[in-house]
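Nothing in this text is a laboratory measurement; each read-out follows from the coordinates by a stated rule. Since the model is a prediction, treat every value here as computed from it, not as a measurement. Note that each Cβ is placed from the backbone with ideal geometry, even for glycine, and that neighbours are counted across all protein chains shown.
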Amino acid sequence: MKEKNPWHTPVTIIITVIGVIAIVALVTVAVLQNRPLLQKYKYGIVLDAGSSHTALYIYEWPAEKDNNTGRVEQTHSCKVKGPGISSYAAAPWKAGESLRDCMREAKLQVPKKRHHETPLYLGATAGMRLLNKEDSSASDLVFKAVEETLQKSPFSFQGARILSGQEEGAFGWVTVNYLDDRLKQGLETTGALDLGGASTQISFVSDNYDGSESPSNAVTFRLYGNDYNLYTHSFLCYGKDQALRMTLAQQTQGSSSEISDPCFHPGYTDTRNYSVLYDSPCVSSRKPQGAPATFIHRGIGNFQQCQAFVKSVFNFTHCKYSRCSFNGVFQPLLQGPFGAFSAYYFVMNFLNLTDTSIHSLETVKEKLTSYCATPWDQLRQRYPDVKIKYLAEYCFSGTYILTLLTEGYNFTSENYSNIKFIKKIKGSDAGWTLGYMLNLTNMIPAEAPDTPILPHASYVSIVSIMAIVIFFLFILSLRPLWPRCSKQPQIV
Ligand SMILES: Nc1nc2c(ncn2[C@@H]2O[C@H](COP(=O)(O)OP(=O)(O)OP(=O)(O)O)[C@@H](O)[C@H]2O)c(=O)[nH]1
Ligand SMILES: [Ca+2]
C-alpha cells in the first residue's frame, strides 16, 4: 500500500497556505512601508551680487530629506550680463533690469509647481559694501531696484542684503566643507581662500585659535554634532580689481601723464582716466593734486619690479597680536589643506599653475618672470579668444596672488602645496552662496541626524528570513496534530 505523505493532510495544507499568505503580506507591508519615497526635489535660488558681476545659482535636493542628510547640489547657474549691481549707482533701475534674463532662465529650470515654495535670496558683497560706504542712499536705491524685479518673480523672495565680510568668509568655508562631506563625517576641515574683485577672504580652523585673541575674527558653528571655531577675515579693497587700482595709485603719485608699469606686458599701452582710477574709497584719499585728466599706461613687463609695487599695498609695520597677516590683522598659524577659488582659480588656471603638487612656489615665480616679460603682441596672437581685459591683467593678477599668499598670509615653500586651486566641487561652484542658503534654510542640523541602524535592503532580508523561520517553528509546534506518518509496527 502506498504511504500517505503527512504534509498532504488537509490541516497542514491549510496551515501552509495561510502561512505563505501571511509571510507574503508581512514582507509586502514591510517593503512598502519602508520603501524610499519617490524622489521629488525642492529648490533654492541664490543671487551672488559681486563687485564685478552677478551670478544666479539654482540648488536642488530630495524633498523628503530637506532638514538633515539631504545632499544639496547646484543644478544650474546663470551669469548676469554686464557689470555688478554696484556699478549701476547712477541708474539704479538698470540694476533690476540686468537680472531679468537670468530670472527668466530660472523660471524654466525650476518645475512650475515648485515656483511658489522656492526661496530666492540675493546677497551682495564688496562692491555694494564700498558703494554703501561711499553713498548709502545710492546703495539703497540699487537695492530697491533689484528688490522690485525679484518680488515680481514667481519664487518666494526672501530679501536682498549686503553680507558682512565675516559671513562671506564663513559661508565660503561651509560650502567647501559641505560639498567635500567633511562636516557630516567630522573630518579635518579645509580652509577657504576666496579672491573677488573688491575683497578677499581667508577662513580656516586652527588648533591655536579659540576665538579669544581677536574675537572679531571668530565664527563658531555647531554642525552635525561637532563644534568648530573658525578663523575668518575679509580684506576690503584687496580683491584683485581694487588691488590693481591701489598698485596703480602707488605708481601715479607723481601725477605724471605717463607711467611705465612692470605689471603689464612690454608693448601694452592704454590711456587711462585719473578720475576713473581714483573713483573708489580704496584709493580716493590718495588722488594726487593737480593730476591731468588722463595718463598713458605703458607696460614694461618685469615680475620682480611688479612684485615690489604689489608689496607696497600691504602694511606690515604694526601688529598688536601674537601674529598677524597684514594691515595689523590677527591671523593664527596656518593649518590644514586649503581650497582657493574665484579669481585664484581663473588666474592660476590660465597660467597653468593649478596643480601645486607639481608647480612649487619657485616654479610659480619662474613662470611669472617669463610670462610678464612676454611681449603684448605675442600674447594677443597666442590667445585671440581671451577677453583683452583679462589677458592684459594676468601678469598683475598672478603676481598679486603670489604676494598675497606668501607675504600676506605667510604661506611658505613647505605649505604652498596644501593649497588646491578649485572652481567646482562635485559639480557645484565653490563660493559663499551654497553655505548661505544652507544656513538660511536650516539645512545643516546642529546635531548628527539619527541614521537607521540597517540599510533598507538588509532590513527587508532580515524581516523575510525571520518570518520564514517563525512560520516553520509554528508548523513544528503543530506536530502533535500531524497524522501518524511512519509505518506502525504490526501487531501480530
Ligand atoms: N580671467 C577671468 N577672470 C574672471 C572671470 N570671471 C570673473 N573674473 C574676474 O575675477 C575677479 C573676481 O571675480 P569674482 O569672484 O566673480 O568677484 P566678485 O564676486 O564680482 O567680487 P567680490 O564682490 O569682491 O567678491 C574679478 O576681477 C573678475 O573680473 C573669468 O572667467 N576669467
Ligand atoms: Ca565674490
Practice item. First select every other residue whose beta carbon is under 12 angstrom from the beta carbon of A343; then total the charges, Lys and Arg +1, Asp and Glu -1. Key: -1
Review point. So how far, in whole Å, is the C-alpha centre of segment 267-328 from the one of segment 128-175?
Key: 28 Å
Check your understanding: Label points 7 Å out from Cα along the Cβ direction at A448 and L141: separation in nm?
Key -> 5.5 nm
Practice item. Using the number of other C-beta atoms within 10 angstrom as an exposure proxy, rank V142, V110 with the fewest first. Key: V110, V142
Review point. Could you state the number of Å between the C-alpha centres of segment 332-367 and segment 51-122?
Key: 30 Å
Check your understanding: What's the extension gain from R323 to R71 if we count 0.36 nm per residue and subtract their Cα-Cα distance?
Key -> 86.9 nm
Point to revise | Neighbour-count order for R104, R129, fewest beta carbons within 10 angstrom listed first | key: R104, R129
Check your understanding: Taking the Cβ of A249 as the center, what net charge do the other residues with Cβ under 11 Å away carry, scoring Lys and Arg +1 and Asp and Glu -1?
Key -> +3
Review point. Which loop-located GluC sites (Glu not before Pro) does segment 112-205 contain, where loop means any DSSP state but H, G, I, E or B and the Cβ has at most 14 other Cβ atoms within 10 Å?
Key: E188
Review point. By the gyration tensor of its Cα atoms, with a ≥ b ≥ c the square roots of the eigenvalues, what is the shape of the chain: rounded for a/c under 1.5, prolate for a/b over b/c, or oblate?
Key: prolate
Review point. Relative contact order for segment 266-422 using alpha-carbon pairs under 8 Å, separation at least 6, rounded to a whole percent?
Key: 32 percent
Study note, to complete from the structure: Distance in Å, no decimals, from the C-alpha centre of segment 216-241 to the one of segment 384-447 is 14 Å
Review point. In whole Hz, what ³J(HN,Hα) sequence does segment 404-409 give by Karplus (6.51, -1.76, 1.60; θ = phi - 60°), x for Gly and Pro?
Key: 4, 5, 8, 6, x, 9
Check your understanding: Taking only C-alpha pairs under 8 Å that are 6+ residues apart, what is the relative contact order of segment 39-162 in percent?
Key -> 29 percent
Point to revise | Mean shadow area of segment 39-162, taken as a quarter of the surface of its Cα convex hull (nm²) | key: 7.4 nm²
Exercise for review: Please label the shape of segment 125-189 as rounded, prolate or oblate, based on the square roots a ≥ b ≥ c of the eigenvalues of the alpha-carbon gyration tensor (a/c under 1.5 means rounded; beyond that, a/b larger than b/c means prolate, else oblate).
Suggested key: oblate
Revision key, fill the gap. Neighbour-count ranking for K107, K367 (other C-beta within 10 angstrom, fewest to most) reads K107, K367
Exercise for review: Treating the angle as unsigned and between 0 and 90°, give the value, to the nearest 10°, between the Cα long axis of helix 388-403 and the longest Cα principal axis of the chain.
Suggested key: 80 degrees
**Study point:** Whole-number percent relative contact order across the chain, with pairs defined as alpha carbons under 8 Å at least 6 apart
**Key:** 17 percent
